[in-house]
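Working notes, structure below.
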Amino acid sequence: METVAELVLSRRGDDRPGLMHGDLVLSHHRAAAAAAARAALLADLLPAGREPHVGLLLANVPEYPLWLGAAALAGATVVGVNPTRRGPELARDIAHTECALLVTERAHLPLLAGLDLGLPPERVLVVDDPAYEALVAPYEGCEPPARGVGPGTRLLLYFTSGSTGAPKAVIVSQGRLANAGRSIAAQFGLGPADVHYICMPLFHGNAVMANWAPALACGAAVALRRGFSASGFLPDIRAYGATYFTYVGRAVQYLLATPERPDDREHTLRHGFGTEAGAVDAERFAARFGVRLTEGYGSSEGGAAIQRSPGTPPGAVGRAAPGADLAVVDPSTGRERARAVLDGGTGRLLNGDEAIGELVNRGRSRFEGYWKNDSAVAERTRRGWFWTGDLFFRDPEGYFHFAGRTDDRLRVDGENLAAALIENILARYDAAAAVAVYAVPDPVSGDQVMAALAPHDGSVFDPAAFAAFLAAQPDLGTKMAPRFVRIVPRMPVTATNKIHRAALRREGFACADPVWWSPPRSGPCGAAYRALGEADRAELLDHYRAQGREALLDG
């Protein structure tokens, strides 16, 4: 099995453009040499007796991939530090992963002010400070340190989202990352002539594993954007001649929300690969920009993967990757769920209670554990299986369909519903730039459906038009219509552009944004909406209080 260190060294002698950022262009050879220089510096800076962990608190700047290469050559580990974390949470991430060195930039220094990182000043490097250039200069031209590096050498610690607790640091070895790079490059036929555009944050696994690693494996160039910008996307694609990009979360929705132009198809882009775009937005993207998006599924931990193949039906993710024994099971018993029964005319799932369950891998997985979190590892691998924490159902032909996270399940009037399935329907509403569906407690038992809706710029929510839209959807079940609709100026998202559902659930209908609701006495849910006023809120709270469920509204 290859190592990332071998892939970095294989780029030496290649004078084609390898790393681009704005006006900066480094050849593959110069990028490999710069990584070797930083690896030599790293060997001198790391204190004896400490884990060789290097925290990177950086935006998508050239130093980020250079330090990824340096860590690989030095047998060290990169910790992707999330710059949206603050105060004690940020300090906790750095301390928990035992960073012996922190590489950052001036823009992020205020985040560190007053925090006890357990690091002396000389082991906090600021890449846009003149002192950093002076520190690196003596190592230019150095060979990387001669350290034993193998496929099992730990290379990455990157954090899960932490939406349900403290983020967990996922372990990724050099062999696993190199293999991921080779696999994705082969899947899309990527090669030395391609240019990979990285606009997703490099502190997250998507950008490193699905974009940087494939470029390194196939000899493609990398073009960096400091942070995702919907308005800057197409200008960057054209400026760099980019052919491939990755996305997560709401990025595709943001791109579709930009004003349409006659030249939207005038670009070099050929492939888009990611998760959570949704079938409706993927179709809109292809129609507008002429690029088919490939939706994939792979757990952050590497425990399960689903591959899309020719013939995959609309709405499905695909079938299990070779060698995986994937199943959809009841989380409480481990018994496999029934195959889905789909309405032949609308494609609506008719037996959600029996078909939706948690996706598990009962075979060999690539999960390499969490850093110093044995209880989380045990929970993830109970029964000897890998539990993804994601809801799926499987159709009669064996294709897997994503149905959301396990904490995105709703139980309405005794029926189990999946937020992702309702979102896929609401995504057809042309007046919305983005939608999110989540549960709020019912005053008596179970849940009610709530949706957050972000209208297009300058548009106003029309409750009658929305109710008419719902009534026209043949696959919207009688219990799927939102009881509450929150109108947000912009969808709240995490640092990786995933919808921040935990924040939406926590606020419920007691939020500062306008909320429209369909009162139970007004007919079937969704038949009519009116503004939720203070008197309505007070009446609702009395109802919760009378049933002893008021505490459930506190998040």
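The values are calculated or read from the model by the stated rules, or taken from the named source; none is laboratory data. Computed from a prediction, not measured in an experiment: that's the story for all the values here. Glycine also receives a Cβ, built like all others from the backbone with ideal geometry; neighbour counts cover every protein chain displayed.
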Which one of the conditions (1) modelled with pLDDT under 95; (2) surrounded by fewer than 21 Cβ atoms within 10 Å (Cβ to Cβ) does GLY175 fail to meet, given that it meets all the rest?
-> (1)
Residue count for region 305-326, restricted to those that are without any contact (Cβ under 8 Å) to a residue 60 or more places away in the chain, surrounded by 17 or more Cβ atoms within 10 Å (Cβ to Cβ) and closer than 18 Å to ARG383 by Cβ = 1
Identify the single condition in (1) in contact with a helix residue (DSSP H, G or I) (Cβ under 9 Å, 6 or more places away or on another chain); (2) charged (D, E, K, R); (3) without any contact (Cβ under 8 Å) to a residue 60 or more places away in the chain that ARG38 does not satisfy, given that it satisfies every other one.
-> (3)
Could you tell me which of the residues VAL81, VAL126 is touching a Lys or Arg at 6+ places or on another chain (Cβ under 8 Å), β-branched (Val, Ile, Thr) and closer than 30 Å to CYS199 by Cβ?
-> VAL126
Which residues, counting only those in region 284-304, are among the charged types (D, E, K, R) and without any contact (Cβ under 8 Å) to a residue 24 or more places away in the chain?
-> ARG292, GLU295
With HIS53, HIS108, HIS28 as the choices, which residue is touching a residue at least 60 places away in the same chain (Cβ under 8 Å), in contact with a strand residue (DSSP E or B) (Cβ under 9 Å, 6 or more places away or on another chain) and over 22 Å from TYR370 (Cα atoms)?
-> HIS28
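Would you confirm, using the coordinates I've provided, whether ALA178 is hydrophobic (A, V, I, L, M, F, W, C) and touching an Asp or Glu at 6+ places or on another chain (Cβ under 6 Å)? Steps first, please.
Details: hydrophobic (A, V, I, L, M, F, W, C): yes; touching an Asp or Glu at 6+ places or on another chain (Cβ under 6 Å): yes.
Spelling it out, ALA178 is indeed hydrophobic (A, V, I, L, M, F, W, C) and touching an Asp or Glu at 6+ places or on another chain (Cβ under 6 Å).
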If only one of ASP395, ASP408, ASP413, ASP430 is modelled with pLDDT under 85 and either surrounded by fewer than 22 Cβ atoms within 10 Å (Cβ to Cβ) or farther than 27 Å from LEU541 by Cβ (or both), which one is it?
-> ASP413
Residues of region 243-297 satisfying the condition of being at pLDDT 95 or above, closer than 19 Å to MET200 by Cβ and of a type in the set (Lys, Arg) = ARG270
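For region 447-456, state whether one or more residues are under 25 Å from the mean Cα position of the chain (by Cα) and either over 18 Å from ALA420 (Cβ atoms) or surrounded by fewer than 20 Cβ atoms within 10 Å (Cβ to Cβ) (or both).
From region 447-456, those under 25 Å from the mean Cα position of the chain (by Cα) are 449-456; that's our starting set.
After this cut, where a residue has to be either over 18 Å from ALA420 (Cβ atoms) or surrounded by fewer than 20 Cβ atoms within 10 Å (Cβ to Cβ) (or both) as well, the list is 455-456.
Yes.
Only one residue in PRO144, PRO151, PRO65 is surrounded by fewer than 23 Cβ atoms within 10 Å (Cβ to Cβ) and either assigned to a helix (DSSP H, G or I) or not hydroxyl-bearing (Ser, Thr, Tyr) (or both), so which one is that?
Numbers: PRO144 fails: surrounded by fewer than 23 Cβ atoms within 10 Å (Cβ to Cβ); PRO65 fails: surrounded by fewer than 23 Cβ atoms within 10 Å (Cβ to Cβ).
Within the list PRO144, PRO151, PRO65, the selection yields PRO151.
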